[in-house]
Structure formats: structure tokens, C-alpha cells
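Below is one structure, written out as C-alpha cells; comments come after it.
Every number here is computed from the coordinates shown, using simple stated rules; none is lab data. It should be emphasised that the depicted structure is a prediction, and the values quoted were computed from it without experimental measurement. Positions of Cβ are backbone-derived with ideal geometry, glycine not excepted, and every protein chain shown enters the neighbour counts.
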Amino acid sequence: GEDVEQSLFLSVREGDSSVINCTYTDSSSTYLYWYKQEPGAGLQLLTYIFSNMDMKQDQRLTVLLNKKDKHLSLRIADTQTGDSAIYFCAARGTGGFKTIFGAGTRLFVKA
Amino acid sequence: EPEVTQTPSHQVTQMGQEVILRCVPISNHLYFYWYRQILGQKVEFLVSFYNNEISEKSEIFDDQFSVERPDGSNFTLKIRSTKLEDSAMYFCASDPGTRSEKLFFGSGTQLSVL
């Protein structure tokens, strides 16, 4: 079945770049997402990319998509302590109702 | 900015009891969803709801679960006879339509079954 995998932890120093990686199995995935979850909060949509794109940049966030390898990454430039959170990769197909999530990557930012 | 709201934020119940989790989706949205996240595990799709009926459901969504949109604004998830393994964070979500790429989530209800 469809699956999304991502590493569970990442630790970086403040000011460094963070790169969170994700792989997915469903080649028909049309939308690929990154959500952020802070303690006690819901899932906040950070950014997303269509499957016909290779890259999307939005301020400090860069999303790279390798559709051949079904690999998605999120790069956060100049990582701040406020970026500490859990980051979820997710995939959704066209016309499908469900979004498949990974287990989330917990990002620790050290001052 | 409009948001999806969920109540309560925490719910504690005894095993075997019925619980109803409540959600108010964003007002002009057409598709509604429930997801859950067991502690330390993935966010899992439970059910999607459109035009007053279930459009898709997962294997998790068995006969113990039901959803309803009783009054045009609320969207509820009922668990008839809770089990210990139903303990999880339950997220409600909504989106404007099938061609929308954006899914908006509530902040979740933490359900603890004792």
C-alpha cells in the first residue's frame, strides 16, 4: 500500500541549514506536502509542491522533488530555535480523498 | 484567518464508553476528514466525508466508528465502545474541494481511554 517514510530526528545548530528527507511509494501522488506541528498545536501546512515540479522556494524553505526516486526534501535555511518542531511529509493523489503522512521528523535546534 | 476548531482539546473516558469528538470545519469547505495519531506513530487517515456521506474510509474505520454532520456546521466522530487502543490524538480537517491542494487541520483532540 501507499507509504511515506522519513527519519525521526534531526539536530542542527542555530543559523545552519536543516534538510529533512522523505520517500514515498505511490508514484501517482500529485501533491506532496510538508506540515509543521508545534507542541499542543495542530498540523500547519508549511509548503507543498506539485508532482510536475522539481523545486519550490518560499522564503527560507526550499522543497526538492525527485519524482524518479520518489524522494522529497525540505531545506530550512538559517534555522532558528523557533523552527524546533515535528515536520511531517505527506502525499496525496489526484481526486483521492486521503493524504498519507510519514511519522514525522523531530527537528531540534541548538542555540 | 478562518480555522478548523475542535472540541474538547482533551477527553478522558473509560473503556467501553461512547465518545463524540466535535469539529467545526471552515465554513465554505466541502470535504471533511478525520485523522488520528497514536503517540509516536504516523498520522493515519480514518475517513473522508462529502455531500453528507462517507466518500472514503480506511481499515481502521470499522463499525465502532461513525461520522455525522448534524447541522451544517459541526462534523462529529463517534466511537461507540472505546478500546484502549483508541487512545490517540484525533485531527479533523477540511478542504474547499477535490481540486484543492490544501488541507486545513484543527489542533486536535487528545483521547485517552483508561
For B:Val113, indicate whether it is at negative phi, surrounded by 14 or more Cβ atoms within 10 Å (Cβ to Cβ) and more than 10 Å from chain A (Cβ to nearest Cβ).
yes
Can you report the number of residues in segment A:43-61 which are surrounded by 14 or more Cβ atoms within 10 Å (Cβ to Cβ) and either among the basic types (Lys, Arg) or within 14 Å of another protein chain (Cβ to nearest Cβ) (or both)?
10
Looking only at segment B:66-110, filter to residues that are touching a Ser or Thr at 6+ places or on another chain (Cβ under 6 Å) and among the hydroxyl-bearing types (Ser, Thr, Tyr); which one of those is surrounded by the fewest Cβ atoms within 10 Å (Cβ to Cβ)?
B:Ser87
One residue from A:Gly102, A:Gly40 being free of Cβ contacts under 8 Å to residues at least 24 places away in the same chain and either within 12 Å of chain B (Cβ to nearest Cβ) or acidic (Asp, Glu) (or both)
A:Gly40
If A:Thr30 satisfies all but one of (1) surrounded by fewer than 18 Cβ atoms within 10 Å (Cβ to Cβ); (2) within 11 Å of chain B (Cβ to nearest Cβ); (3) touching a residue at least 12 places away in the same chain (Cβ under 8 Å); (4) within 26 Å of B:Gly40 (Cβ to Cβ), what's the number of the condition it fails?
(4)
For segment B:25-65, give me each residue that is surrounded by fewer than 17 Cβ atoms within 10 Å (Cβ to Cβ) and more than 13 Å from chain A (Cβ to nearest Cβ).
B:Ser27, B:Asn28, B:Asn52, B:Asp62, B:Asp63, B:Gln64
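Out of all the residues in segment A:62-72, which are surrounded by fewer than 17 Cβ atoms within 10 Å (Cβ to Cβ) and assigned to a strand (DSSP E or B)? Reasoning before the result, please.
First, pick out the residues of segment A:62-72 that are surrounded by fewer than 17 Cβ atoms within 10 Å (Cβ to Cβ): A:66-69, A:71.
Listed by number, the residues that qualify are A:Asn66, A:His71.
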Being over 14 Å from A:Tyr33 (Cα atoms) and more than 10 Å from chain B (Cβ to nearest Cβ) is the filter here; which residues of segment A:68-99 pass it?
A:Lys68, A:Asp69, A:Ile76, A:Ala77, A:Asp78, A:Thr79, A:Gln80, A:Thr81, A:Gly82, A:Asp83, A:Ser84, A:Ala85
What strands (runs of 3 or more DSSP E) lie completely within segment B:1-108 and have 3 or more residues being among the hydrophobic types (A, V, I, L, M, F, W, C) and free of Cβ contacts under 8 Å to residues at least 40 places away in the same chain?
B:43-50
